[in-house]
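Here the structure is laid out as structure tokens; the discussion comes afterwards.
The values are calculated or read from the model by the stated rules, or taken from the named source; none is laboratory data. Just so it is clear, the structure is predicted and the values come from calculations on it, not from any experiment. When we count neighbours, we look across all protein chains shown, and the Cβ atoms used for this are built from the backbone with ideal geometry, even at glycine.
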Amino acid sequence: MNSVVSVQALSKVYATGFKALNNVSLDIRRGEIFALLGPNGAGKTTLISTVCGIVNPSSGRVLVDGHDTVADFRKARDRIGLVPQELTTDAFETVFATVSFSRGLFGKPRNDAYVEEILKELSLWDKRDTKMMALSGGMKRRVLIAKALSHEPEILFLDEPSAGVDVALRRDMWAMVRRLRERGVTIILTTHYIEEAEEMADRIGVINGGELILVEEKAELMRQLGRKQLVLELGSRLPSIPPALADYDLELSPDGDALTYTYSTQNGTTGIAALLRDVDAAGLDLRDLRTRQSSLEEIFVELITQKQ
């Protein structure tokens, strides 16, 4: 496996005794989009901050493209772009100057053409001469992304990138992330928006209480842990579930015109064939059949609940 970020037995204990990370190990593949999910206080931001060299680990180590983030901080950090949660910018600088200055901080030579390219891609070019204090929250979020990309990093960390932005801007950022991945940039994002991970991620990690609960391919995660439901729409209403069907995991709709059968995708047999035979034997008239899969949000909530 070609890992661009390798987190090895990482722990972080603060002076108060609070353990924010507990023996976390994780490999991020080059060129993938990796989503880190977890509730507030789970350790997402601490993990990102440690990988980026902002927080020193209590134990363990992090390698970024083979460079230790403590022993070889500059080379490791040079490969990383970070978009933090907080909208911290110089209020009196223009957009163009802010992004250009960030590029210079990494020792990169001035390149107005590259800065122009970034600003155009993020729909900021018409705001290039606008002072930061005059921008909306959504525009400031775009500037933070431009700053993170200013030194042409190989890895981009997005810490809650969609927090406080509208749906249209969120969709724009998703499109931009896909374009970056197509250029070979590795994307690691934390998010509270489950649909963000479901829409974009190749792999998903779930963290809770400072521990990494699970890391899995998104499709495989949904296949293994997702439940499916078969909805049987009835030709006539039922007052209750027939006794002959009592052994099945069935739920009758409030108006009595549909039965919902829940089954696990992990089982070798679904029981659907037997159910349909028994439904027919019970004399029920079926008008239609349809299935639905558990959403990533339902799977996430179930995982967190199991670990509490």
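Out of (1) at pLDDT 90 or above; (2) part of a strand (DSSP E or B); (3) surrounded by fewer than 14 Cβ atoms within 10 Å (Cβ to Cβ); (4) not acidic (Asp, Glu), what's the single condition that is false for residue 259?
Exception for residue 259: condition (3).
Could you please let me know if residue 172 is surrounded by fewer than 19 Cβ atoms within 10 Å (Cβ to Cβ) and touching a residue at least 24 places away in the same chain (Cβ under 8 Å)?
Spelling it out, residue 172 is indeed surrounded by fewer than 19 Cβ atoms within 10 Å (Cβ to Cβ) and touching a residue at least 24 places away in the same chain (Cβ under 8 Å).
Out of everything in the stretch 56-111 that is of a type in the set (Val, Ile, Thr) and more than 24 Å from residue 210 (Cα to Cα), what residue ends up being surrounded by the fewest Cβ atoms within 10 Å (Cβ to Cβ)?
88
Is there a residue in the stretch 10-25 that is in the same structural domain as residue 212 (by TED's automatic domain parsing), farther than 22 Å from residue 177 by Cα, of a type in the set (D, E, K, R) and touching a Leu at 6+ places or on another chain (Cβ under 8 Å)?
Yes, the stretch 10-25 contains a residue that is in the same structural domain as residue 212 (by TED's automatic domain parsing), farther than 22 Å from residue 177 by Cα, of a type in the set (D, E, K, R) and touching a Leu at 6+ places or on another chain (Cβ under 8 Å).
Based on this model, can you work out whether residue 154 counts as within 21 Å of residue 78 (Cα to Cα) and touching a residue at least 40 places away in the same chain (Cβ under 8 Å)?
Criteria met by residue 154.
For the stretch 41-51, indicate whether the set of residues that are under 16 Å from residue 158 (Cα atoms) and without any contact (Cβ under 8 Å) to a residue 24 or more places away in the chain is non-empty.
Looking through the stretch 41-51, at least one residue is under 16 Å from residue 158 (Cα atoms) and without any contact (Cβ under 8 Å) to a residue 24 or more places away in the chain.
If a residue has to be under 18 Å from the mean Cα position of the chain (by Cα) and farther than 13 Å from residue 215 by Cβ to count, how many in the stretch 5-49 make the cut?
Count: 13.
Go through (1) assigned to a helix (DSSP H, G or I); (2) crowded, with 21+ Cβ neighbours inside 10 Å one by one and return the number of the condition residue 24 breaks.
For residue 24, the failing item is (1).
Any residue that is of a type in the set (Gly, Ala, Ser), touching a Ser or Thr at 6+ places or on another chain (Cβ under 9 Å), surrounded by 17 or more Cβ atoms within 10 Å (Cβ to Cβ) and modelled with pLDDT of 85 or more - is there at least one of those in the stretch 209-217?
Yes, some residue in the stretch 209-217 is of a type in the set (Gly, Ala, Ser), touching a Ser or Thr at 6+ places or on another chain (Cβ under 9 Å), surrounded by 17 or more Cβ atoms within 10 Å (Cβ to Cβ) and modelled with pLDDT of 85 or more.
Take residue 221 and decide whether it is modelled with pLDDT of 90 or more, surrounded by 20 or more Cβ atoms within 10 Å (Cβ to Cβ) and not in a strand (DSSP E or B).
No; evaluated as a whole, the condition is false for this residue.
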